[in-house]
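Chemist: My structure is below; once you've seen it, I'll send some questions.
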Amino acid sequence: MNSVDKYVEDVKRREAISTTGIGDGVAIPHAKSPWVNTPTVIVGKSEKGIEWESLDDEPVNMVFLIAVPDGEGNEHLKILQILAVSLMDDDFKAEIEKANDKKVIEELLLQRTEM
């Protein structure tokens with residue numbers, strides 16, 4: 001990533017259009033940006049919850065931040081679709097919630113991209 005600050009500005013602009021808090025403690029903020037070099041998903045978790053404008057007006061416990069370069073077409077939509085479908089699976093969501101190691105989370109996400 002060429003500039004984290006500039007990318008965060010792009011995410012905030014996208015979030016101002018409509019919330020990415022999809023409910024059930026999950027938010028999937030995303031933005032295509034010239035400041036991103038490689039498609040990336042960054043996962044953040046909070047036990048206390050994060051105040052977030054979400055569809056169910058509840059705090060968010062899991063954030064899946066999608067960073068995609070400008071020239072990647074609809075890559076962010078493909079990633080968003082995989083995440084949205086995966087998070088409807090209660091077993092998958094529970095595994096992500098209990099995972100305390102980034103390698104475990106990475107493996108869980110990679111398994112979903114291979115389905």
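Read-outs throughout are calculated quantities, based only on the coordinates presented, and are distinct from any laboratory measurement. Given the structure is predicted, the values throughout are model-derived calculations rather than measurements. No Cβ is skipped: glycine too gets one built from the backbone with ideal geometry, and neighbour counts run over all protein chains shown.
Chemist: Which longest run of the chain has no exposed loop site in it, a site being GluC sites (Glu not before Pro) in a DSSP loop with at most 16 other beta carbons within 10 Å, and the site itself not part of the run?
Modeler: 1-50
Chemist: Note the listed values (1) 9.5; (2) 8.9; (3) 7.2, then indicate which one is mean projected area of the Cα convex hull in nm² calculated from this particular structure.
Modeler: (3)
Chemist: Give the shape of region 11-62 as rounded, prolate or oblate, defined through the alpha-carbon gyration tensor: a ≥ b ≥ c are the square roots of its eigenvalues, a/c under 1.5 means rounded, and otherwise the shape is prolate if a/b is larger than b/c and oblate if not.
Modeler: oblate
Chemist: Identify all lysines with a Cα-Cα distance to residue 32 below 28 Å; exclude those on the same chain that are fewer than 8 residues away in sequence.
Modeler: Residue 32 reaches 6, 12, 45, 78, 93, 102, 103.
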